[in-house]
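*Asks:* Dumping the structure here so I can ask a few things about it.
The values are calculated or read from the model by the stated rules, or taken from the named source; none is laboratory data. Not measured: the values here are computed from a predicted model. FYI the Cβ positions are ideal-geometry reconstructions off the backbone, even for glycines, and counts take in every protein chain you see.
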């Protein structure tokens, strides 16, 4: 009876100590996806929206439910590359075009022809903590679908 109590306390005391201390201590709390505290105002997410010919903006939802999230992270890293310098800005522009061309191909595969879409919107979403907790959407770039199709045809 004493051994199970000692074993349990041996496991629980370090976990409790790590929790009270509030810092990472491997192997109890160091997980790469939660490895640092981030304020809500610092979190930003990039999403992709489609602009229809009627002017309506609709979020892109793929059959592959995690793929829009992947594209958003990729566009976020490309956006950070664009702010670094002239050479990386040119490479980032090409990478963004390649990424959107792949998205266009996937959308055409899932939906069919994109006659009802006229542009992609790359939208930055942030939480505005000054006015309560409201989501602010800011369009970072509006890229016409015809421009991406033209680049695809050139390749």
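*Asks:* Only one residue in 114, 75 is closer than 30 Å to residue 39 by Cα and touching a residue at least 24 places away in the same chain (Cβ under 8 Å), so which one is that? Steps first, answer last, please.
*Replies:* On the way: 114 fails: closer than 30 Å to residue 39 by Cα.
None of the others qualify; the one that does is 75.
*Asks:* What single numbered condition from (1) exposed (fewer than 11 other Cβ atoms within 10 Å of the Cβ); (2) at negative phi; (3) at pLDDT 75 or above; (4) out of contact with any helix residue (DSSP H, G or I) (no Cβ under 6 Å at 6 or more places or on another chain) fails to hold for residue 23?
*Replies:* (3)
*Asks:* In the stretch 130-151, what count of residues is obtained for those that are touching a residue at least 12 places away in the same chain (Cβ under 8 Å) and closer than 22 Å to residue 80 by Cβ?
*Replies:* Selection size over the stretch 130-151: 8.
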